[in-house]
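Chemist: Sharing a structure, written as structure tokens. Questions coming.
The values are calculated or read from the model by the stated rules, or taken from the named source; none is laboratory data. Keep in mind that what you see is a predicted model, and the values were worked out from it rather than measured. Using ideal geometry, Cβ is built from the backbone for each residue, glycine included, and neighbour counts are taken over all protein chains shown. Areas reflect the complete protein model, heavy atoms only, side chains present, ligands, DNA and RNA absent. Shrake-Rupley method; radii C 1.70, N 1.55, O 1.52, S 1.80 Å.
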Amino acid sequence: MLKSRRKFIGFLLLIGVITFWVSLSMGSVSVSVKDILKIIIHRLPFLNNWIKSEPAPQKYELIILNLRLPRILLAMLVGSGLATAGAAMQGLFKNPLASPYVVGVSSGSSFGAALAILLLPGIFSVPLSAFFTGLVTIFLVYRISKSDSRVPVETLLLAGIAVGLFFSAITSLIMYISAQSVHHLVFWMMGGFGNANWDNVIAATPFIGFGIPAIYYFSRELNVMQLGEESATHLGVEIEKVKKILLILSSLITASAVAVSGVIGFVGLIIPHITRIIVGPDHRIVIPVSSLIGGIFLIWCDSLARTVIAPVELPVGIITSCFGAPFFIYLLKR
Amino acid sequence: MLKVERINCCLENTLILRDISFQVTKGDFLGIAGPNGSGKTTLLRTISGILPPVKGKVYLEREDMSQMDKKRIARKIAMVPQNTFITFPFTVREVVAMGRTPYLHRFEREGKKDLKKVKESMLLTRTWHLRDKRVTEISGGELQMVVIAQALAQDTELLFLDEPTSHLDINYELEVLSLIARLNKERLLIVILVTHNLNLVARYCQKLILLKEGKIYTQGEVEDVLTSENIKSVYHVKALVKKHPLTGSIYTFPLCFNGKTETKKREKIHLVCGGGSGSALMRELWDRGYEVSAGVTNVFDADFETATLLNVPLVGEAPFSPITDESYRKNLRMIRESKAIILAEIPFGEGNLLNLKAVRQALKEGMRVVIINKTPIHERDYTKGRATRIFEDLKREGAIFVKDEKEALSLIEKILNPDSVI
């Protein structure tokens, strides 16, 4: 059992590496794997002195390093992050329909983005504002649901829906009264990596890079929580504390993902499902596998989004849903 | 050992439990019973560390439980809830293995000792054959056994059960409780069972706490606590408490046949019966609130038993003996105190002909007499026609003949309450 799990993770890592290289070479200009290797090795410390070879053409270097690499890294980060946050939320709410957006983070972030687009548009102000309002939303939802030092998940879910709807309404209002910037906002709400750059990658890495292992740290608790909160307490789990931490971690991941790539649906809902169908419901394996599959899946979706009708780009959310939904239905009916 | 010292408990600012004190030591099997809303489950949640008491303390082996780490409590106390719902398809073995959580470090995998304990508790609960099944695919009874296996795998000194069998068939109920009772005896496992089923308590527990409106009404050995008086004042139900001839433990039986628990006192009715002919009618009259008396029957016959259980005054005659003049007069005295007399469908022989004479005497004195006459009298007359002749006299003198108990009852209701519409 343990061995086959390790093998499976190894297999996924291999697919991840292949995905990474293939997607780097894909695009309106295709770059050979050899050139990519040259470009990357050229940039790495130590190795560049070690291997002497003809440098790849300058324009390739620009495409790979400034456009594709940050974009693919960002897709990987966001995919892994959303899938992990989704797995944590589904475990936390004991509900397979939960997603990273279930407690209203996406609506809160959209509101923040809309506000920034309207009041002070800028490369940094929009994601920052989205991140900030996303976190405000989750704290608001948490405070509303809290009673007697306990936070019942049912109330949390309902409060999330209510607060989310409220922010959606305000976002619609903003869109309605500021007709000229609507297009920008719509693109952001559909989600995508068209504006990906190194700044985005650097901004999202600490949150997602910390969030995923931190959620993994609580995977045993997530398992025991499936028996019900009181039963988990009787097995020695400090349930209120764990609940709060998991909620904060998944919200941090989600808010930072939304801040850099907009609202990308489907990944956080479906990937944990697919993972459970493949490896079973044990969170000790669901969390790492979800994050791997999520990253790989989103890289592929984004590669398709930028190549299908190149040079025009599709919002990646369209791709995730078009591929994910039929596959999910297939798995359900299998 | 668990000691509860004068605790008060609140749920959402409402005081649920007041001044609860008790303790359990090695080998105890304690039941906690009481009506719905009396605070049974709240008490169990408090003493298992879920709900901190607002006043008083719970001591687990002399240590204040509110100061203890949840993981340490989990190594001492295991809990079986009423029911468990698991969304995701874990295997049965995975769920049982979760019982080892309090013993494992964060990234530690279950070791040999853990797996041994898991297998052992699955064999005890007879769930080992289900080990690779998904918990989402097994029946409710099987799932409850799996949850019990998990609690046993937790390897604790105390086991708490909250209505563990209320959703189970009787075969599971017996299996679960026999197993728990066995572990209680063999391993001196301390068991606390919350239930509303007093017969389970009587059969399996040694001690009992009876809760009423958030307070301990009484506690002690089961035989001392489980009395008709205590049940009446806690549940407001008249109940019979007897020793069961098969199990040897006491059992309770609610004496309420119409669903009404309390009825106002009504008129006195005398029932002439014997040999079981009057039992059904006696119960029905008693249940409708009439003050019933009966006679003359032989001691230990079926009607006599019924009358004893219902506390109905009855004139008894020694077994297999004919009715004496003394009993006849006693019977007549009871008859004269009544508003109406019902004669059940008794076979008549020389020994009980005096019963028939008493009825005739009553009729002569102007009392209302209702006679049940489904089987014609000549078929149950073993007195060479004397009983049949008295029957004819009775008919002539105005006794009312009815065809069965049901008709007798509605007639009695009509006679005694002419205004009410039935």
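Chemist: Where the Cα atoms of segment B:102-228 are projected onto their three principal axes, how long is each span, largest first, in whole Å?
Modeler: Each principal axis gives a Cα extent; for segment B:102-228 these are 52, 30, 28 Å.
Chemist: For segment B:26-61 and segment A:1-35, what is the centre-to-centre distance using only Cα atoms, to the nearest Å?
Modeler: Computed from Cα coordinates, the inter-centre distance equals 57 Å.
Chemist: Now for a separate question. How large a share of the accessible area of segment B:23-172, in percent, is made up of carbon and sulfur atoms when the probe is 1.4 Å and the other protein chains stay in place?
Modeler: Working: 3220 of 6680 Å².
That share works out to 48 percent.
Chemist: Would you work out which of A:Ile212, B:Thr227, B:Met334 lies farthest towards the positive end of the dipole of the protein assembly as shown? Charges go on Cβ: Lys and Arg +1, Asp and Glu -1.
Modeler: Farthest along the dipole direction, towards plus: A:Ile212.
Chemist: Sticking with this one: Within segment A:232-256, whose backbone N sits under 12 Å from a point 7 Å along Cα→Cβ of B:Lys71?
Modeler: Answer for this model: A:236-238.
Chemist: May I pose another question? Give the lysines whose C-alpha is closer than 28 Å to that of B:Lys133, dropping any in the same chain fewer than 8 places away, or say none.
Modeler: Output for B:Lys133: A:Lys3, A:Lys7, A:Lys94, A:Lys333, B:Lys112, B:Lys113, B:Lys116, B:Lys117, B:Lys119.
Chemist: Can you give the Kirkwood hydrodynamic radius for segment A:122-251, in Å, rounded to one decimal and based on Cα pairs? Don't jump to the answer; show the numbers that get you there.
Modeler: On the way: mean 1/r = 0.0578 Å⁻¹.
After inverting the pairwise mean of 1/r, the radius is 17.3 Å.
Chemist: Can you compute the FRET efficiency between B:Thr87 and A:Arg5 using 1/(1 + (r/R0)^6), with r the Cβ-Cβ distance and R0 = 30 Å? Round to the nearest 0.05.
Modeler: 0.85
Chemist: Using C-alpha positions alone, give me the convex hull volume of segment B:1-152 per residue in cubic angstrom. Mind showing how you got there, number by number?
Modeler: Numbers: hull volume 22.7 nm³, N = 152.
Expressed per residue, the convex hull around the Cα atoms of segment B:1-152 is 149 Å³.
Chemist: Please give, to one decimal in nm, the separation of the simple spin-label points placed at B:Glu379 and A:Tyr176, each 7 Å out from Cα toward the Cβ.
Modeler: Computed distance between label sites B:Glu379 and A:Tyr176 equals 8.6 nm.
Chemist: For segment A:230-246, state which residues have at least 20 Å² less accessible area in the presence of all protein chains than in their chain by itself, taking the probe as 1.4 Å and leaving out ligands, DNA and RNA.
Modeler: A:Glu230, A:Ser231, A:Thr233, A:His234, A:Leu235, A:Gly236, A:Glu238
Chemist: In nm, to one decimal, how far is the A:Ile161 label point from the B:Lys212 one, both placed 7 Å along Cα→Cβ?
Modeler: Result for the modelled spin labels: 4.5 nm.
Chemist: Any idea of the total accessible area buried by the A-B contact, 1.4 Å probe, rounded to 100 Å²? Display every interim value, and only then the final one.
Modeler: Numbers: alone 16530 and 21700 Å², together 35430 Å².
Using a 1.4 Å probe, the pair buries roughly 2800 Å².
Chemist: Sketch the reach of a paramagnetic label on B:Arg266 as a point 7 Å from Cα along Cα-to-Cβ, and name the residues of segment B:335-374 whose backbone nitrogen lies under 15 Å away.
Modeler: Answer for this model: B:339-342.
Chemist: How far apart, in nm, are the 7 Å Cα→Cβ label points at B:Lys364 and A:Lys34?
Modeler: About 13.5 nm, to one decimal.
Chemist: Leaving out ligands and nucleic acids, and using a 1.4 Å probe, what accessible area per residue does segment A:185-334 come to in Å²? Let's see the in-between values first.
Modeler: Numbers: 5290 Å² over 150 residues.
Using a 1.4 Å probe on heavy atoms only, each residue of segment A:185-334 averages 35 Å².
Chemist: Which whole number of Å³ per residue matches the convex hull of the alpha-carbon atoms in segment A:198-327? Don't skip to the end; give the middle numbers.
Modeler: Working: hull volume 14.1 nm³, N = 130.
Convex hull volume per residue, Cα atoms: 108 Å³.
Chemist: A:Ile144 to A:Ile245: FRET efficiency via 1/(1 + (r/R0)^6), r the Cβ-Cβ distance, R0 22 Å, to the nearest 0.05?
Modeler: With a Förster radius of 22 Å, E is 0.70.
Chemist: Further, regarding this structure: Expressed in whole Å with the largest first, what are the equivalent ellipsoid semi-axes of chain B derived from the C-alpha gyration tensor as the square root of 5 times each eigenvalue? The partial results should precede the final answer.
Modeler: Working: eigenvalues 709, 105, 66 Å².
Listed largest to smallest, the semi-axes of chain B are 60, 23, 18 Å.
Chemist: At a 1.4 Å probe radius, carbon and sulfur cover how many percent of the accessible area of segment A:238-334? If you can, show how the numbers build up before the last one.
Modeler: Details: 2440 of 3350 Å².
Carbon with sulfur: 73 percent of the solvent-accessible area.
Chemist: Using only alpha-carbon positions, what ratio does the radius of gyration of segment B:289-419 give when scaled by 2.2 N^0.38 Å? Walk me through the numbers before you get to the answer.
Modeler: On the way: Rg = 14.2 Å, N = 131, 2.2 N^0.38 = 14.0 Å.
Cα-based Rg divided by the globular estimate yields 1.01.
Chemist: Does a label point 7 Å from the Cα of A:Phe187, set along Cα-to-beta-carbon, have any residues of segment A:281-307 with amide nitrogen under 15 Å, and which are they?
Modeler: A:306
Chemist: Using a probe radius of 1.4 Å on heavy atoms only, what accessible surface per residue do you get for chain B? Whole Å² is fine.
Modeler: Working: 20330 Å² over 422 residues.
Averaged over the residues of chain B, the accessible area is 48 Å².
Chemist: Shifting gears a bit: For helix A:198-217, report the angle its Cα long axis makes with the longest principal axis of the Cα atoms of chain A; keep it between 0 and 90° and round to the nearest 10°.
Modeler: 40
Chemist: Please report, in debye to the nearest 20, how large the charge dipole of segment B:76-130 is about its Cα centre when each Lys and Arg carries +1 at its beta carbon and each Asp and Glu carries -1 there. Write down the numbers at each step before the final one.
Modeler: On the way: 11 positive and 5 negative charges, 46 e Å.
Using only the charged Cβ atoms, the result is roughly 220 debye.
Chemist: If I histogram all Cα-Cα distances within the protein assembly as shown using bins 10 Å wide from 0, what percent of pairs lands in each bin?
Modeler: Histogram of Cα-Cα distances, whole percents per bin: 3, 11, 16, 15, 13, 12, 10, 8, 6, 4, 3, 1, 0, 0.
Chemist: Taking Cα atoms of segment B:81-173, Rg/Rh with Kirkwood Rh, to two decimals? All intermediate terms of the calculation are to be shown ahead of the outcome.
Modeler: Details: Rg = 12.8 Å, Rh = 13.5 Å.
Using Cα coordinates only, the ratio equals 0.95.
Chemist: Calculate the FRET efficiency for B:Ile138 and B:Ser410 from the Cβ-Cβ distance with a Förster distance of 45 Å, rounded to the nearest 0.05. It would help to have the intermediate numbers written out before the result.
Modeler: Working: r = 52 Å, r/R0 = 1.15.
Computed FRET efficiency for B:Ile138 and B:Ser410: 0.30.
Chemist: For B:His129 and B:Asp224, compute 0.36 nm times the residue count separating them, minus their Cα-Cα distance, and round to one decimal in nm. Mind dumping the intermediate values first?
Modeler: Numbers: separation 95, 0.36 × 95 = 34.20 nm, distance 4.24 nm.
Separation in residues times 0.36 nm, less the Cα-Cα distance, equals 30.0 nm.
Chemist: Segment A:66-201: D in µm²/s via Stokes-Einstein (Kirkwood Rh, Cα pairs, 10 °C, 1.306 mPa s)?
Modeler: Numbers: Rh = 15.9 Å.
Taking Rh from Cα pairs, D becomes 100 µm²/s.
Chemist: What number in nm² do you get for chain A if you take the convex hull of its Cα atoms and divide its surface by four? Can you show the working numbers first?
Modeler: Details: hull surface 76.5 nm².
Here the figure is 19.1 nm², rounded to one decimal.
Chemist: Which value, in Å² rounded to 10, gives the accessible area of A:Val29 with a 1.4 Å probe and all protein chains present?
Modeler: 50
Chemist: Check the straight Cα-Cα distances from B:Lys243 and name the lysines below 29 Å, setting aside those fewer than 8 residues away within the same chain.
Modeler: The qualifying lysines are B:Lys26, B:Lys40, B:Lys185, B:Lys207, B:Lys212, B:Lys215, B:Lys232, B:Lys260.
Chemist: Let me ask something else about it. Give me the number: length gained by fully extending B:Glu326 to B:Val299, i.e. 0.36 nm times residue separation minus the C-alpha to C-alpha distance, one decimal in nm. Numbers along the way, then the final one.
Modeler: Values: separation 27, 0.36 × 27 = 9.72 nm, distance 1.51 nm.
Separation in residues times 0.36 nm, less the Cα-Cα distance, equals 8.2 nm.
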